[in-house]
Amino acid sequence: MGRLDNKVALISGGARGMGAVEARLFAGEGARVVIGDVLEDEGRKTEAEINETGGECLFLNLDVTSESSWDQAVAATVARFGKLDILVNNAGIFRTQGVEETSEDLWEQVMEINAKGVFLGTKQAIPEIRKAGGGSIINISSVAGLTGGARSAAYRASKGAVRLFTKSTAIQYAKEGIRANSVHPGIIDTPMTAPNLMADEDSRNTSASRHPLGRVGQAEDVAYGVLFLASDESSFMTGSELVIDGGLTAQ
């Protein structure tokens, strides 16, 4: 028996990084998985890997900033697998600029993908999750959505928005058995962080030293938390923040 037997999950940003690891883990626990991403080649590769190892996976081209793209993705999920139980709003981008260095275009780009994308995905998924009798929405925020910092102004604002939007969703839909929780990773070794926080050995050491556990996180560290929130094991959790940060925010 898998922890997600008979569940159908849609994961945005599922082509690579944390999303791909979540997709593999979900499939291994019995879920039928749809991964949505703009990265076609990497998405097809992840889809093939899951299907070749006995899982059930469908890749869809998904632009999280487009309501019609989300509508099509949800409809395709239900057409293929019959329902939708779990949504993981995982897609996101990371930018390091401070307030004065952040252009209007950069601000809008970050907010469109990281905040609006979560809103649109949630809005489009809820009617189908309702039809399924309830389910779980997991929004990937960040420790940057919990604390201030000297840079990454737009990124922090977007992740803070995700945190409170998640709580609003949780309260609004609790009576329908639709749960919503946010996940707040520390620095995780993924393609998103590689150009900045993992660019060289010094950068990696600096990133690791910020965490009391003395290392950066791996995608699997986050994926297991997302799996817990997706499963019925977390049935009494909604509107909560799951912090997976090696102790970073405890300081």
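The values are calculated or read from the model by the stated rules, or taken from the named source; none is laboratory data. Just so it is clear, the structure is predicted and the values come from calculations on it, not from any experiment. Methodologically, a virtual Cβ is constructed for each residue, glycine included, from the backbone with ideal geometry; neighbour enumeration extends over all protein chains shown.
Listing for the model above:
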{"item": "Checking ALA150 against (1) hydrophobic (A, V, I, L, M, F, W, C); (2) more than 22 Å from VAL243 (Cα to Cα); (3) at pLDDT below 95, the condition it does not meet", "result": "(2)"}
{"item": "Listing of helices (runs of 4 or more DSSP H) fully contained in the range 106-225 that carry 3 or more residues being farther than 22 Å from TRP70 by Cα and over 15 Å from the mean Cα position of the chain (by Cα)", "result": "153-173, 201-209"}
{"item": "ILE138 vs. criteria touching a Leu at 6+ places or on another chain (Cβ under 8 Å) and within 21 Å of ARG24 (Cα to Cα)", "result": "yes"}
{"item": "Among the candidates GLU220, GLU201, residue that is farther than 27 Å from GLY98 by Cα and either out of contact with any Ser or Thr (no Cβ under 6 Å at 6 or more places or on another chain) or without any contact (Cβ under 8 Å) to a residue 40 or more places away in the chain (or both)", "result": "GLU220"}
{"item": "Any hit, the range 202-224, residues being modelled with pLDDT of 95 or more and closer than 26 Å to ARG130 by Cα", "result": "yes"}
{"item": "Breaking point among (1) free of Cβ contacts under 8 Å to residues at least 24 places away in the same chain; (2) under 24 Å from LEU242 (Cβ atoms); (3) of a type outside the set (A, V, I, L, M, F, W, C), for GLY2", "result": "(1)"}
{"item": "Members of the range 132-143 found to be of a type outside the set (S, T, N, Q) and buried (at least 24 other Cβ atoms within 10 Å of the Cβ), listed by number", "result": "GLY135, ILE137, ILE138, ILE140"}
{"item": "Test: residue in the range 44-60 that is out of contact with any strand residue (DSSP E or B) (no Cβ under 7 Å at 6 or more places or on another chain), free of Cβ contacts under 8 Å to residues at least 60 places away in the same chain, in a loop (DSSP other than H, G, I, E, B) and farther than 30 Å from ILE187 by Cβ", "result": "yes"}
{"item": "Subset of the range 70-101 that is surrounded by fewer than 20 Cβ atoms within 10 Å (Cβ to Cβ), polar (S, T, N, Q) and more than 19 Å from ILE140 (Cα to Cα) - its residue that is modelled with the lowest pLDDT", "result": "GLN97"}
{"item": "Residue match in the range 21-30 (condition: surrounded by fewer than 24 Cβ atoms within 10 Å (Cβ to Cβ), of a type in the set (Gly, Ala, Ser) and in contact with a Leu (Cβ under 7 Å, 6 or more places away or on another chain))", "result": "yes"}
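Yes/no per residue for (1) in contact with a helix residue (DSSP H, G or I) (Cβ under 9 Å, 6 or more places away or on another chain); (2) aromatic (Phe, Trp, Tyr); (3) within 30 Å of ASP5 (Cβ to Cβ):
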{"position": "GLY177", "(1), (2), (3)": "yes, no, yes"}
{"position": "SER182", "(1), (2), (3)": "yes, no, yes"}
{"position": "ILE187", "(1), (2), (3)": "yes, no, no"}
{"position": "PRO212", "(1), (2), (3)": "yes, no, no"}
{"position": "GLY225", "(1), (2), (3)": "no, no, yes"}
{"position": "SER234", "(1), (2), (3)": "yes, no, yes"}
{"position": "SER240", "(1), (2), (3)": "yes, no, yes"}
{"position": "ILE244", "(1), (2), (3)": "yes, no, yes"}
